[in-house]
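A quick write-up on the structure given underneath.
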Amino acid sequence: ENFLDNKYFNEILEDFKLSVGNKEVEINAKIEYRDVFLNIDRFLFTTAVFNILENAVKYGKEKVKITMRTELKNNSYEISIQDNGIGIPEKEYTKVFEKFYRVATGNVHDVKGLGLGLFYTNQIIKAHQGKIDIESKTDEGTKFIITIPTI
Ligand code: ATP
Ligand code: MG
């Protein structure tokens, strides 16, 4: 399957909700209901998105709020995932994609992790000729923006 049909993101979000456990998580989705042709490996792409969703819960506060948006642009498809967590300092934006890197501040000592999730996510998105950007504010939240070229 090399296209994302309009059910794809809803299925990811449904699977994600089942994996969350007992933390309170509110998910809002603004998904474009159109079939989009992207040259993607669905399994890998799902892993990439899942890692970001997982982090939203891990580095979130008491009540996690996630907003996922997809938008079809001229030559690309944009997927953004906004959380209301602890945030990532600007000087760490590129470092968090490095292998085994974890930000030393925040709740990193209470939360287990290897620092591999975003490394893999970035590798996967790059393998799809795409990119990931971060916009974040400390204590307010983080937005990950994935851009993938359309066919
Ligand atoms: P793993 O994903 O391998 O279990 P991890 O979550 O620590 O471990 P990454 O997902 O690669 O590793 O994230 C790297 C680091 O970036 C995290 O340790 C955390 O410090 C920071 N980080 C990632 N996502 C967020 C987020 N949504 N909000 C705040 N900090 C984040
Ligand atoms: Mg992670």
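The values are calculated or read from the model by the stated rules, or taken from the named source; none is laboratory data. It should be emphasised that the depicted structure is a prediction, and the values quoted were computed from it without experimental measurement. No Cβ is skipped: glycine too gets one built from the backbone with ideal geometry, and neighbour counts run over all protein chains shown.
Summary table below
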| read-out | value |
| --- | --- |
| Residue, nearest to Phe3 (Cα to Cα), within the range 120-140, restricted to residues that are out of contact with any helix residue (DSSP H, G or I) (no Cβ under 7 Å at 6 or more places or on another chain) and within 16 Å of ligand 2 (Cβ to nearest atom) | Gln123 |
| Pairs, first in contact (Cβ under 8 Å) with a residue 12 or more places away in the chain in the range 25-42, second part of a helix (DSSP H, G or I) and among the hydroxyl-bearing types (Ser, Thr, Tyr), C-beta under 9 Å, six or more apart | Ile31/Tyr8; Val36/Tyr8; Arg42/Tyr8 |
| Answer from Lys91, Lys99, Lys7, Lys61 - the residue that is touching a residue at least 24 places away in the same chain (Cβ under 8 Å) and out of contact with any strand residue (DSSP E or B) (no Cβ under 8 Å at 6 or more places or on another chain) | Lys61 |
| Some residue of the range 140-151 being touching a Leu at 6+ places or on another chain (Cβ under 7 Å) and loosely packed, with under 15 Cβ neighbours inside 10 Å | yes |
| Filter pass, Glu26 being exposed (fewer than 12 other Cβ atoms within 10 Å of the Cβ) and farther than 17 Å from Gly130 by Cα | yes |
| Answer from Ile148, Ile134 - the residue that is closer than 24 Å to Asn10 by Cβ and either polar (S, T, N, Q) or more than 8 Å from ligand 1 (Cβ to nearest atom) (or both) | Ile148 |
| Of all residues in the range 90-100 being more than 9 Å from ligand 1 (Cβ to nearest atom) and not charged (D, E, K, R), the one that is farthest from Glu62 (Cα to Cα) | Thr94 |
| Selected residue (criterion: farthest from ligand 1 (Cβ to nearest atom)) from residues of the range 34-63 that are over 15 Å from Leu4 (Cα atoms) and crowded, with 21+ Cβ neighbours inside 10 Å | Leu53 |
| Lys58 of a type in the set (D, E, K, R), at pLDDT below 95 and within 15 Å of ligand 2 (Cβ to nearest atom) | yes |
| Residue that is surrounded by the fewest Cβ atoms within 10 Å (Cβ to Cβ) [pool: residues in the range 64-106 that are among the hydroxyl-bearing types (Ser, Thr, Tyr) and more than 30 Å from Asp5 (Cα to Cα)] | Thr94 |
| Scope the range 71-85; condition over 13 Å from Phe144 (Cβ atoms) and modelled with pLDDT of 95 or more; matching residues | Asn84 |
